[in-house]
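Quick notes on the structure that follows.
The values are calculated or read from the model by the stated rules, or taken from the named source; none is laboratory data. Remember, predicted model here, so these are calculated numbers, not experimental data. Here Cβ is always computed from backbone atoms with ideal geometry, including for glycine, and neighbour counts include all displayed protein chains. Protein only, heavy atoms only, side chains kept; ligands, DNA and RNA dropped before computing areas. Shrake-Rupley method; radii C 1.70, N 1.55, O 1.52, S 1.80 Å.
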Amino acid sequence: AVIGFGMAGVWHAGVLSANGDAELVAICDALPENLPDARDQFDVPTYEDTAELLASESLDSVHVCTPPDTHVDIAEPFLRESIPVLIEKPLATNTDDVRKLIRIAEETGTTASVIHNKLFTPPVQRALSVVENGGIGQVTGATMLFGEHRDLSKTERGDWVFDLPGGEIGEG
């Protein structure tokens, strides 16, 4: 299931629907105005409440695509039911919440992962191959910069990004 049907949730739902090894079974969004589009685009049951989603569907995993300050509270009940969660970046807005999520995942033996959408791009895969094949010495740190022309005072993600450390550039 996909939780959150904003920009990221629409993308996740599309990828899941297009993947022959996955099945999108439901979409959940707290904003009821988003649900007709979800039903029209993906023809799956929709929910406004994650508790109702959890009680109604048999889930192998969920993708949490909501604003960062909601990630841990949304993920927790799924982890407690041993349902793996994939969480959009950033994982949380503070280290205490990250530690809480790690603790719950460890207690339940359930996978909680944050999305790393650039990990599988060709440049990153080439760099990883160089490291794995001994082409350079021991890596102690790395920084990746992706650039594009963008007005960082505006965002398509929602105003919540401006409350994050780094704002739009930190999120994007």
Label-point separation (nm) for F120 and S56, each offset 7 Å from Cα along Cα-to-Cβ? 2.9
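Using a 1.4 angstrom probe, figure out how much accessible area region 1-65 has per residue, in square angstrom, rounded to the nearest whole.
Spelled out: the 1.4 Å probe surface of region 1-65, per residue, equals 52 Å².
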Can you give me the accessible area per residue for region 106-148, using a 1.4 Å probe, in Å²? 84
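What FRET efficiency comes out for the pair M144/V25, r = Cβ-Cβ distance, R0 = 41 Å, nearest 0.05?
Using R0 = 41 Å, I get an efficiency of 0.75.
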Overall Cα dimensions of region 42-116, principal axis frame, Å, largest first: 36, 24, 21
Inter-probe distance in nm under a simple model that places probes 7 Å from Cα toward Cβ, at D69 and R103: 2.2
Please check which bits of region 119-154 a label hung off V15 would reach, taking the label as a point 7 Å along Cα-to-C-beta and the cut-off as backbone N under 17 Å. 119-125
The chain, dipole about Cα centre (Lys/Arg Cβ +1, Asp/Glu Cβ -1), debye to the nearest 20: 840
Rounded to the nearest 10, the angle in degrees between the Cα long axis of helix 122-132 and the longest principal axis of the Cα atoms of the chain comes to 60
Let me know the longest stretch in the chain that avoids all trypsin sites (Lys or Arg not before Pro) found in a DSSP loop with at most 13 other C-beta atoms within 10 Å. 1-117
Projected onto the charge dipole of the chain (+1 at Lys/Arg Cβ, -1 at Asp/Glu Cβ, origin at the Cα centre), which of H116, V139, H149 gives the Cα projection farthest towards the positive end? V139
Output the relative contact order of region 1-69, whole-number percent, from Cα pairs under 8 angstrom with separation of 6+ residues. 42
Under 12 Å, Cβ to Cβ, from F78 - net charge with Lys/Arg +1 and Asp/Glu -1: -4
On the protein heavy atoms, probe 1.4 angstrom, tell me the percent of accessible surface of the chain carried by carbon and sulfur. 51
By how many nm would the segment from D49 to R80 grow when fully extended, if each residue of separation counts as 0.36 nm and the alpha-carbon distance is taken off? 9.5 nm
For the chain, averaging the sequence separation of alpha carbon pairs under 8 Å that lie six or more residues apart and dividing by its residue count, the contact order in percent is 16
